[in-house]
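The values are calculated or read from the model by the stated rules, or taken from the named source; none is laboratory data. Keep in mind it's a predicted model, so treat the numbers as computed, not measured. Cβ coordinates were reconstructed from backbone atoms using ideal geometry, including for glycine residues, and neighbour counts include every protein chain displayed. Accessible surface areas use protein heavy atoms only, side chains included; no ligands, DNA or RNA. Shrake-Rupley method; radii C 1.70, N 1.55, O 1.52, S 1.80 Å.
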Amino acid sequence: MKSAEIGLMGLGTMGAALALNIADHGFDVAVWNRTTQKTRDFHNDAGGLQDKVHPSESVEDFVAAIAKPRAIILMVPAGDPVDEQIAALRPLLDADDLIIDAGNANFHDTNRRARDAADLPYLGMGVSGGEEGARFGPSIMGGGKRAHWDRVAHILEAISAKYDGAPCATWMGEEGAGHFVKAVHNGIEYADMQMIAEAYGVMRDGLSMSPAQISLAFADWDKGALDSYLTEISGKVAAAVDPKTGKPMLDVIVDAAGQKGTGRWTVIEAQHLAAPIPAIDAAVVARNLSSQRDVRALGEALFGAAPQPMDGITLADLEGALIAGKIICYAQGFEMINKA
Ligand SMILES: NC(=O)c1ccc[n+]([C@@H]2O[C@H](COP(=O)([O-])OP(=O)(O)OC[C@H]3O[C@@H](n4cnc5c(N)ncnc54)[C@H](OP(=O)(O)O)[C@@H]3O)[C@@H](O)[C@H]2O)c1
């Protein structure tokens, strides 16, 4: 049997999409998942890519299926699962085999793991773009020894998104640099989303616009400088109707946001670096505030929930504010990366 050029552990949402992307670009990929049925289902559903996907039901078989020196991507939840998988793999690996953590690890953990690995090859890799990106072109931020990145760069560049023909995959620096940049990137996205939510709030409460009108405004903005995935889906989300109640979907969703942590990490690190990122900070604060529903209900009882009309604001003003806000939050994020 032909050896796989790379291995991937963890066939969840991101891992499955990334493995298919790798296979789609002509690379043979060995796969393993903790729950074996998922490995079988994944291979069965791989369609025309089945020949490129090499499923294994044990970690030993998985390691044996990969060409030496091996490269293995971990796509499991950040935290203990990563340490567990590294511990399970190391005794089976040779000294020049490379482990790549492609989950959303805290970069401090990646720094620690890189140091624990000492001379053993280890990369921490941020992957952006969600499931769709992982399947058809993620942006990839690598951290570790440059020589280790270079070993797998041809695969990672091939599967990545392209901007003006250039791959959106690069080496960011030593140890946790890739995961650091990924976290700040997520922080920027938190700010982008918060500003969209606030523009929605102004349109709904300040300008008394209907969901259909709000949807049209986003769709219109998506044709201009705000053209982006987030603007596009905001238009679709604003127009969505809850089939059970017939109400706008946004009105029936509890307005309390959680977070997986990368935005919070960004804000904490910004404080350590004395890097001012108020747009990102405000977005994390807004999420925290949103989740305090009891306190907000008390406030509503005291001050009322009546929307405040915002006379004199036009949709062009709002679009301009969003463009300015977007530039500002990107600039703050990039400046933080520069400082780090
Ligand atoms: N979803 C996104 O849009 C996105 C975007 C960028 C980055 N990420 C990051 O990518 C990573 C994976 O996310 P996901 O959305 O693909 O997660 P997911 O769909 O929940 O899949 C998690 C995968 O990890 C496996 N797993 C969980 N705990 C494990 C353990 N202790 N040992 C071994 N395998 C374990 C699961 O195996 P079982 O089948 O056995 O449960 C499953 O295959 C996370 O770090 C996430 O933050 C996600």
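Placing unit charges on C-beta atoms (Lys and Arg positive, Asp and Glu negative, everything else neutral), compute the dipole magnitude of region 6-174 about its Cα centre in debye, rounded to 20.
With only Lys, Arg, Asp and Glu charged at Cβ, the dipole is about 180 debye.
With charges set only on the Cβ (+1 for Lys and Arg, -1 for Asp and Glu), what does the dipole of the chain come to about its Cα centre, in debye to the nearest 20?
Roughly 240 debye for the chain.
Given contacts defined as C-alpha pairs under 8 Å and at least six residues apart, what's the relative contact order of the chain, whole-number percent?
13 percent
Students often forget the sequence filter, so: which lysines lie under 30 Å Cα-Cα from LYS247 once same-chain residues fewer than 8 apart are removed?
LYS223, LYS236, LYS260
In cubic angstrom, how much convex hull volume per residue do the alpha carbon atoms of the chain span?
Once divided by residue count, the hull of the chain is 167 Å³.
With a/c under 1.5 counting as rounded, go ahead and sort region 96-144 into rounded, prolate or oblate using the C-alpha gyration tensor (a ≥ b ≥ c being the square roots of the eigenvalues; past the cut-off, prolate if a/b is larger than b/c, else oblate).
Cα axes put region 96-144 in the prolate bin.
Quick one: if you stick a label point 7 Å off each Cα along the C-beta vector at ASN44 and ALA316, how many nm between them?
Going by the 7 Å Cα→Cβ label model, 5.9 nm.
What accessible area per residue, rounded to a whole number of Å², is obtained for region 6-174 using a probe radius of 1.4 Å?
Value for region 6-174: 42 Å² per residue.
Where the centre of each part is set by its Cα atoms, how far does region 169-211 sit from region 5-53, in angstrom?
30 Å
With everything on Cα atoms, drop me the angle between helix 262-273 and the longest principal axis of the chain, reported from 0 to 90° to the nearest 10.
90 degrees
As a check on your grasp of the helix formula, calculate [θ] at 222 nm for the chain: sum -39500 (n - 2.57) over DSSP H runs of n ≥ 4, divide by the residue count, round to the nearest 500.
Rounded to the nearest 500, the figure is -16500 deg cm²/dmol.
Give the long-range amide H neighbours of LYS145: residues separated by 5 or more places, or on another chain, with amide H under 5 Å away, using H modelled in the peptide plane at 1.01 Å from N.
Counting only residues 5 or more places away or on other chains, the set is TYR122, GLU175.
Run the numbers for ALA95 and ASP24: contour at 0.36 nm per residue of separation, minus the present Cα-Cα distance, in nm.
Once the chain is fully extended between ALA95 and ASP24, it gains 22.6 nm.
Need the full-extension length gain, GLU84 to LYS339, defined as separation in residues times 0.36 nm minus the C-alpha distance. One decimal, nm.
The GLU84-LYS339 span can extend by a further 88.5 nm.
Accessible surface of THR231 in the full protein assembly, 1.4 angstrom probe, to the nearest 10 Å²?
10 Å²
Between region 246-308 and region 124-166, what is the C-alpha centre distance in whole Å?
Between the Cα centre of region 246-308 and that of region 124-166, the gap is 31 Å.
At ARG115 and ALA212, where each label point lies 7 Å from the Cα along Cα→Cβ, what is the point-to-point distance in nanometres?
The answer from the label model is 6.1 nm.
Counting only protein heavy atoms and using a 1.4 Å probe, what share of the accessible area of the chain belongs to carbon plus sulfur, as a whole percent?
Whole-percent figure for carbon plus sulfur exposure: 56.
Rule-of-thumb check for region 6-174: C-alpha Rg over 2.2 N^0.38 Å?
Region 6-174 yields a ratio of 0.94.
Round to the nearest 0.05 the FRET efficiency obtained for GLN37 and SER58 when R0 = 22 Å and r is the Cβ-Cβ distance. Could you put the intermediate results ahead of the total?
On the way: r = 14 Å, r/R0 = 0.65.
Between GLN37 and SER58 the formula returns 0.95.
Exposed loop trypsin sites (Lys or Arg not before Pro) only (DSSP loop, at most 10 other Cβ atoms within 10 Å): please give the longest stretch of the chain free of them, not including the sites.
Numbers: sites that count: LYS2, LYS223, LYS244.
By the stated rule (loop sites, at most 10 other Cβ atoms within 10 Å), 3-222.
Straight-line reach from LYS145: which lysines have Cα under 21 Å away, leaving out those fewer than 8 places along the same chain?
Straight-line reach from LYS145, under 21 Å: LYS68, LYS182, LYS339.
Where both partners of a DSSP beta bridge lie in the chain, what percent of those bridges are antiparallel, to the nearest 5?
Of all bridge pairs located within the chain, approximately 30 percent are antiparallel.
What is the angle, in °, between the Cα long axis of helix 80-89 and the longest principal axis of the Cα atoms in the chain? Nearest 10 is fine, range 0 to 90.
Helix 80-89 sits roughly 10 degrees off the main axis of the chain.
Suppose we take every Cα in region 206-340 and form the convex hull; what volume per residue is that in Å³? Present the calculation step by step, with values, prior to reporting the outcome.
Values: hull volume 20.7 nm³, N = 135.
Enclosed volume per residue, from the Cα hull, is 153 Å³.
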